[in-house]
Structure formats: C-alpha cells, structure tokens
Amino acid sequence: MIRIEDLSIGYDGRPLMEHLEFQVAPSEVFLILGGSGCGKSTLMKTMIGLLRPLAGRVAIGERPLAEDGPPPFGVLFQSGALFGSMSLAQNVALPLQKWTDLAPDTIESLVRWKLRLVGLDGFEHHLPAELSGGMRKRAGIARALALESPLLFLDEPSAGLDPRSAADLDELILTLNESLGVTIVIVTHELSSIFAVGGSCILLDREARGIIARGDPRALREESDDERVTGFFRRRSTAKPDERTPS
Amino acid sequence: MPEESYRVEALDLADGGVELRLAGDLVLERADALRRSLTQAAAAGTLTRLDLSGVRSLDGAAAAILAEACLAAEASGPRPALVGAPKKAALLLELTAQRPPRPPVHGALPDASLLRTIGQTTSKLGEIGRSVLTYLGCLAHSTRAVFSQPRSVHWVDVPRLAERAGADGAPIVLLIALLIGVITAYQAATQMHQLGADAYVPDLVALSITRELGPLITAIVVAGRSGAAIAAELGTMRVSEEIDALETLRLDPLRFLVLPRVIALTLMLPLLTLLAEAVAIGGGLVITTAELELTPGVYLRSTRDALDTWDVAGGGIKAVVFGALIALISCERGLATRGGAEGVGRSTTAAVVASLFSLIAADAVFTLLYSRLGI
Ligand SMILES: Nc1ncnc2c1ncn2[C@@H]1O[C@H](COP(=O)(O)OP(=O)(O)OP(=O)(O)O)[C@@H](O)[C@H]1O
Ligand SMILES: [Mg+2]
C-alpha cells in the first residue's frame, strides 16, 4: 500500500531521519513510534505529501496519486486542526459536501453517527474553541473518517484522552481495520494503545536518525536486546543513574 | 457498473411486516439511495427484517444509515432483525448501533439577521464601553510600573518593534507623502495661477502639509500597516493561548506586549511624519517650479517664511497622539480576540477601522483646539 524508499526527511535541508525504508501492507495497522521530537509528525507529513522529502521516495498505492479529486486518505493532525469558524458538524460535513452528491439531510445524519463513533454526539453545534483538547482530537478523527477513505493517517489519536475514551478509540480503529480493511498509519507513544492495537511498527530514534527496531511491538518488548528499544517499551529512563545525579 | 452493484427488494411478510433485501455494495456514494429505500419501506409497513445476505461490502456510512433506520423503526415497534450480514460487516454494524447519538447539548447558532445584529450590537455597547474603560484603567496602572518597576516592561522588544513600524514602513509612507505633495501643489498651482497669486503656492503647500496632511496621511498608512500587524499578532497569541501562558508566568500582557508597542509607535510616528513632510514639500517644489515661474530658491525661501515653529510642532504633537491611539486601539482589539482564525481576522479589521475613525476624530479635536489657542 505504502512504500518508503531511501527516504530522508527534515526541514530546510537539515535531515532529521535518513535512509528510511519500510512498507505498509494493505489492510494493516502500522505504528510509527519514537520519542517526542524525533520526527514522527514530520515523517507523517512527508508521507502524505505536505513536506517534500529531502531525498528518496514515498509511493502510496500502485499509481501516482491523482492531483485533483477527492482526497485519497483521511488525516488527523496532532493538533486536531479543526476549522475554528465552523461548528463540529460543519467540520465533519465539509468533505462530504465538497466531494459527494449526497442530500443535505443524509449528510447531517452521517455526521451525527460519525460524531457518535468518536463519542462526540450532542456536540455538533459547538465551535472547536468551545471544546477540550481531547474532544478536538476526536472531532478531527471524525472528520478524517468522513469520506470512508481506505487509508488513514492518525497523528497521536489517543494523546490527551482518558483511558476509557482511549480504549474506545482503539476499539474503533481495530473495528475499522478488521471490518473495512482500512489501512491505518498511527503515530503514537501511548503504550497501552500500542499493545492494544498491535500490528507492525517502526521505532524511530533521534540520535540514530533512523529506524532502530521494527516488527510486532509485543515481540519487541519481550525479545529485543537493544537497550533503547526495551527502554521505550518498558518505560525505562534512558539516562544512566550517574547522569541523573551529577556528582 | 456502480449503478447495478446495489439492489434493494422489499417483501411483504405474512405477519404484515416488511422485509428489505439489500444486496451489492453499500457504500458512501449510495448513502442517499439506501436511505431513501429504507424510508420508503418504513412508510409502507413495519420494517421487521433487513436481509443483508447479498451484501458484498458495507462501509461506515452505510452502517450509520442502517443503524438510523433500525432506531427509527424501534420507536414504533420491535427492533428490526438484521440477518445475513457478512461477518466483517456485522462487526461494524454492531459497533455503530451500540448506542445511538444523543441530542445536541445546545442548539445551532441562530442566523445573523439584520435586526438581531442591531439588537445584539446595541446591548453589547455598554459591555464594550466597560471593557475599554477597564483596559485604560489597567493600562494606567501598568504605566506606573514603567517608573516603579522598569524591569517588568519588556524593553528589549522596543527596538525591533520600532524598526518594523518605522524603518520598514518608511518607503511606503514616503512614497505616499511624495504623491500627496505633488497633488497638493498641482491643485494649488492651477487655482492660484488663475488668481495671479503664484507666490502663495509654497505657503499653501507647506501649511497644509505640516498642519494637516502630513500627520494624518502618515498615521493612516501606519494604522493600515502596523496597526493591523499588531492586532493580528496579539490576536493570534490570544487564540493560541500564548497570552494565557504569559499570565501564568505572572507576566502582565499589558507591560509585556502593549507598552512596548505603544512606546515604539509614539516614538516612530513623529519621526515618520517629519520625514514625510519634508518629502511632500519636496514633491510640491518639483511641481511648482515646473508649472509656475518660481525658482527652487524662491520656493524654499517662501516655505521657510510661511512656517513657524508651531506649525511643525503642532503636527508633531498630533503625530505622538496618533501613534499612541493606533497602538492602544490595535493592542486592545488584538487582546480581545475570541475564537480561532476567523476571530483574528475580525479583530484585525476592527483595529484598523477603529484606528482610522479615532484618527479623524482626534484630528478634528486638534483643529478645534489649535484654532482656540491661536496656533
Ligand atoms: N516547521 C518546522 N521547521 C523546522 N523544524 C521543525 C518544524 N517542525 C518541527 N521541527 C523540528 O523537527 C523535529 C521533529 O518534530 P516532529 O513534530 O516531527 O516531532 P514528533 O516526533 O512528532 O514529536 P512529538 O511526539 O512531540 O509530537 C523537532 O526537533 C522540531 O524541532
Ligand atoms: Mg508529533
């Protein structure tokens, strides 16, 4: 579904990650993991074409993506990126109004059920500024889902959510994947989500400027002999004791 | 063919109910058709069964529509049975139907009709007046801090702000001033020549530029440039919670953001005005010497004789007040921003409009005052 070949990403010619190679299979849940600030969001933005790769290639699907027509994938930004002047319902309805010929009342009902899926039913007339951070995130997910795209990119979908909402979200993601075969690329560092959702993952590292581990996160936690990898999965600090207390 | 890949068939059951057989691809593009067939079937009788055994694919939109139909049927009878759904689709249907959407917490925002807008604006006037007074009060309080706690003012910003408002704005201000000088001189020259009063053209240009046009035109350009920039910057800071962050750091936004801007603009506007006046008089000189039989030397001499200190100083005082007005109003509008990107746009517009209005109003007051004082 997605092929990344020798990709270097970064800003202004300064690379954050170099020589990335990985593939996302169709109907897979694919996790991009790594510490804060290592370049996960940058990688996602490069994959969806918002940032130009410093080198290398991103291929989505078999053919090059069409320049016009409906968006080929749904995207959730880390900040939610809702349109501030529109109500939640309008935010979710916008792609449907622009890219389908559905009747307004059908769209209205679809939006209501979509908001229900993310637990935001009842808030359709709220403006984004009137919502909490986690609610904005969930509204962003509803908007990303609106066009029933076969491919989703979600940047930290469960960050800022309480454990129950996060679990609901994981269930939604798994259901979408199992029942519709949606390919889902998730940027995250929520351990509970990682192990609940599973799938395959890559673990990025800032110092290494690349992928330091890949595969099934559960297996990595148990079997990896790399200190950085087990540290990430078992929530261990990477600072050595003597670094933490300078003497 | 997309048209053929969706079929629906209604069967009347023996018990008086209706069974709907759906087949093909139930996807977003056919949400309308699906919804229509479901409503029709429900109108024809009680929807008791939905047979999905012919369904090839079913997406989230179709699941929502089916769940909605079941919910509607349930209101008047038993919940319709969903049978034969492919195993994968059943998962999604179940998740969708688990709990129906709740009604809105609050209603949709009413449309802005003219009468409502007038009413709301009127009722808000008092509020606006109060908030302006509060702002001025707090500002007066903060201004005291300039002397009692000079460190609490963010002085390091002042040079940067002064450069942006002054030096960066100079080219456009001077260009406009030059043109204003040219236009004034040209108009004066044509009229005065008819009266045979060529010698008064330099006086007319010099006085109208220094007393009125110079300060006003400069202030108008600065309001459009720097006032808008200030309002947009502070507005964006407000909506992205940066102002809140300042407050939690116990940094007073008035001292940290507003005072540096007020200081920068009150310093820069008189300087810009002086430059603009010089350039405008230069423009007048070029036109007058070209159009009338006056030498540049004569022109400059009569300009010098026409102007006294108070003509220039009076314009300078105006410029100081104009600078303060622009900065104060733009900061106030910026800090009062509500909502997201749209709110920033609104407060930027409001800042420029209010600044322009206050400039003209202040100019009128000055004219009155100066004529009383005989300046
Ligand atoms: N617009 C930008 N211009 C220049 N550098 C940037 C820009 N955005 C981010 N960076 C830098 O790129 C690096 C990676 O940022 P990125 O947002 O991809 O991190 P991340 O892995 O998503 O972190 P987090 O988990 O905190 O969201 C950071 O060091 C940041 O300083
Ligand atoms: Mg990020």
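Can you name the condition, by its number, that A:V92 falls short on among (1) in contact (Cβ under 8 Å) with a residue 40 or more places away in the chain; (2) crowded, with 18+ Cβ neighbours inside 10 Å; (3) within 16 Å of ligand 1 (Cβ to nearest atom)? Unmet condition: (3). In the stretch A:40-150, counting only helices (runs of 4 or more DSSP H) that sit wholly within it, the ones holding 3 or more residues that are over 27 Å from B:P104 (Cβ atoms) and away from chain B (no Cβ under 11 Å) span A:40-47. Could you list, in sequence order, all residues of the stretch A:3-35 that are at positive phi, in contact with a strand residue (DSSP E or B) (Cβ under 9 Å, 6 or more places away or on another chain) and either more than 12 Å from ligand 1 (Cβ to nearest atom) or part of a loop (DSSP other than H, G, I, E, B) (or both)? Scanning the stretch A:3-35 gives A:D6, A:H19, A:S27. Return yes when B:I65 is on the phi < 0 side of the Ramachandran plot and crowded, with 18+ Cβ neighbours inside 10 Å and no when it is not. Answer is yes for this residue.
When B:V201, B:V146, B:V173 are checked against the criterion of being under 25 Å from B:T273 (Cβ atoms), β-branched (V, I, T) and loosely packed, with under 15 Cβ neighbours inside 10 Å, B:V146 stands alone in meeting it. Cβ-Cβ distances below 7 Å connect the following pairs, each with a first residue in the stretch A:36-57 that is within 12 Å of A:L16 (Cα to Cα) and within 8 Å of ligand 1 (Cβ to nearest atom), a second residue that is of a type in the set (D, E) and not in a loop (DSSP other than H, G, I, E, B), and a separation of six or more residues or different chains: A:C38/A:D205; A:S41/A:D155. For A:H126, the conditions (1) within 16 Å of ligand 2 (Cβ to nearest atom); (2) more than 18 Å from the chain's Cα centre (by Cα) are fulfilled apart from (1).
Restricting A:L76, A:L82 to residues that are within 14 Å of ligand 1 (Cβ to nearest atom), over 23 Å from A:D205 (Cβ atoms) and touching a residue at least 40 places away in the same chain (Cβ under 8 Å) narrows the list to A:L76. Here A:A139 qualifies as at pLDDT 85 or above, on the phi < 0 side of the Ramachandran plot and open to solvent by less than 20 Å² (accessible area, probe 1.4 Å). Which of the residues that make up the stretch B:1-51 are open to solvent by less than 30 Å² (accessible area, probe 1.4 Å), in a helix (DSSP H, G or I) and either at pLDDT below 85 or away from every other protein chain (no Cβ under 14 Å) (or both)? Within the stretch B:1-51, B:A41 is the sole residue that qualifies.
Could you list all residues from the stretch A:58-73 that are hydrophobic (A, V, I, L, M, F, W, C) and either within 11 Å of ligand 1 (Cβ to nearest atom) or in contact with a helix residue (DSSP H, G or I) (Cβ under 6 Å, 6 or more places away or on another chain) (or both)? Listed by number, the list holds a single entry, A:V58. Candidates are the residues of the stretch A:159-189 that are more than 16 Å from ligand 1 (Cβ to nearest atom), closer than 30 Å to B:D25 by Cβ and hydrophobic (A, V, I, L, M, F, W, C); the one that is surrounded by the fewest Cβ atoms within 10 Å (Cβ to Cβ) is A:L174.
Scanning the stretch A:136-155 for residues that are farther than 15 Å from B:L95 by Cβ, in contact with a helix residue (DSSP H, G or I) (Cβ under 8 Å, 6 or more places away or on another chain) and within 16 Å of ligand 2 (Cβ to nearest atom) yields A:R136, A:F153, A:L154, A:D155. Determine whether the stretch B:338-345 contains at least one residue that is open to solvent by less than 30 Å² (accessible area, probe 1.4 Å), farther than 27 Å from B:S240 by Cβ and either touching a residue at least 40 places away in the same chain (Cβ under 8 Å) or assigned by TED's automatic domain parsing to the domain that holds B:G224 (or both). No, the stretch B:338-345 contains no residue that is open to solvent by less than 30 Å² (accessible area, probe 1.4 Å), farther than 27 Å from B:S240 by Cβ and either touching a residue at least 40 places away in the same chain (Cβ under 8 Å) or assigned by TED's automatic domain parsing to the domain that holds B:G224 (or both).
Every residue, every condition in (1) β-branched (V, I, T); (2) over 16 Å from B:R261 (Cβ atoms); (3) modelled with pLDDT of 90 or more, yes or no:
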| position | (1), (2), (3) |
| --- | --- |
| B:L294 | no, yes, no |
| B:L300 | no, yes, yes |
| B:R304 | no, yes, yes |
| B:A313 | no, yes, yes |
| B:A351 | no, no, yes |
| B:S355 | no, no, yes |
| B:L359 | no, yes, yes |
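Cβ-Cβ contacts under 8 Å between residues 6 or more apart (or on different chains), taken from a first residue in the stretch A:184-211 that is away from chain B (no Cβ under 14 Å) and among the β-branched types (V, I, T) to a second residue that is in a loop (DSSP other than H, G, I, E, B) and within 16 Å of ligand 2 (Cβ to nearest atom), are listed as A:I186/A:P157; A:V187/A:Q78; A:V187/A:E156; A:T188/A:E156; A:T188/A:P157; A:T188/A:S158; A:T188/A:A159; A:I194/A:T188.
Out of B:A89, B:A108, B:A112, B:A97, one residue alone is within 14 Å of another protein chain (Cβ to nearest Cβ) and under 22 Å from the mean Cα position of the chain (by Cα). It is B:A112.
The values are calculated or read from the model by the stated rules, or taken from the named source; none is laboratory data. Just so it is clear, the structure is predicted and the values come from calculations on it, not from any experiment. No Cβ is skipped: glycine too gets one built from the backbone with ideal geometry, and neighbour counts run over all protein chains shown. Accessible surface areas use protein heavy atoms only, side chains included; no ligands, DNA or RNA. Shrake-Rupley method; radii C 1.70, N 1.55, O 1.52, S 1.80 Å.
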